[in-house]
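Structure first, commentary second.
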Amino acid sequence: DEDILLVDALVPGMPEALAPLLQDPAVLKVMHSASEDLVAFRHACGVLPAPLFDTQVAAQFAGFGEAISYSDFVARLCNVRIDKASRLTDWAKRPLTPRQLHYAIADVTHLLAAYRVLCERLEKRGRLAWIDE
């Protein structure tokens, strides 16, 4: 449950291999501010991830304010600072650099913890069902 697997969507055949997982109703996909990712998945894989839990949307309902960034969210929730220096590098160039790989891992490391805390907070506020809607 806590392993991170980096997947290179530019590898031939990878989008087709990812599509069934993205659509698997038994696998919850957790993302933060998923709108751009959804466009990329639709374009590359021809499908949208479902079910999907967007931690940015959930954070709004949990009282974190509108459009909180992932790094600010994780800093407040987990007291962790994420190095965003590689965010705007060339992600289409292969091979990815060690810094890019480290960033990619750091960018999802706390999603599961954030999901759990958000679910707890939303449940206490009676708003967890709002996310499903």
Discussion item. Relative contact order of the stretch 50-122, please, whole-number percent, based on alpha carbon pairs below 8 angstrom and at least 6 residues apart.
Written reply: 36 percent
Worksheet item: How far is the Cα center of the stretch 92-123 from the Cα center of the stretch 4-30, in Å?
Response: 15 Å
Practice prompt. Straight distance only, please: which lysines reach the Cα of residue 84 with their own Cα at less than 27 Å, same-chain residues fewer than 8 apart left out?
Written response: 29, 93
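Taking 0.36 nm per residue of sequence separation and subtracting the Cα-Cα distance, how much length would be gained by fully extending the chain between residue 26 and residue 7, in nm to one decimal? Can you show the working numbers first?
Numbers: separation 19, 0.36 × 19 = 6.84 nm, distance 1.99 nm.
Length gained between residue 26 and residue 7: 4.9 nm.
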Worksheet item: Just the accessible area per residue of the chain, please: how many Å² with a 1.4 Å probe?
Response: 66 Å²
Worksheet entry | Solvent-accessible area, 1.4 Å probe, carbon plus sulfur percent, for the chain | 55 percent
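With the contact rule set at Cα under 8 Å and sequence spacing of 6 or more, what percent relative contact order holds for the chain?
Working: 131 pairs, mean separation 32.4, N = 133.
The value is 24 percent.
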Worksheet item: Given a Förster radius of 35 Å and the C-beta distance between residue 92 and residue 112 as r, what FRET efficiency does 1/(1 + (r/R0)^6) yield to the nearest 0.05?
Response: 0.80
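The values are calculated or read from the model by the stated rules, or taken from the named source; none is laboratory data. The model shown is predicted, which means the values in this text are computed figures rather than measured ones. All Cβ positions, even for glycine, are placed from backbone atoms using ideal geometry, and neighbour counts span all protein chains on display. Note: accessible area is taken over every heavy atom of the protein model, side chains too, but ligands, DNA and RNA are not part of it. Shrake-Rupley method; radii C 1.70, N 1.55, O 1.52, S 1.80 Å.
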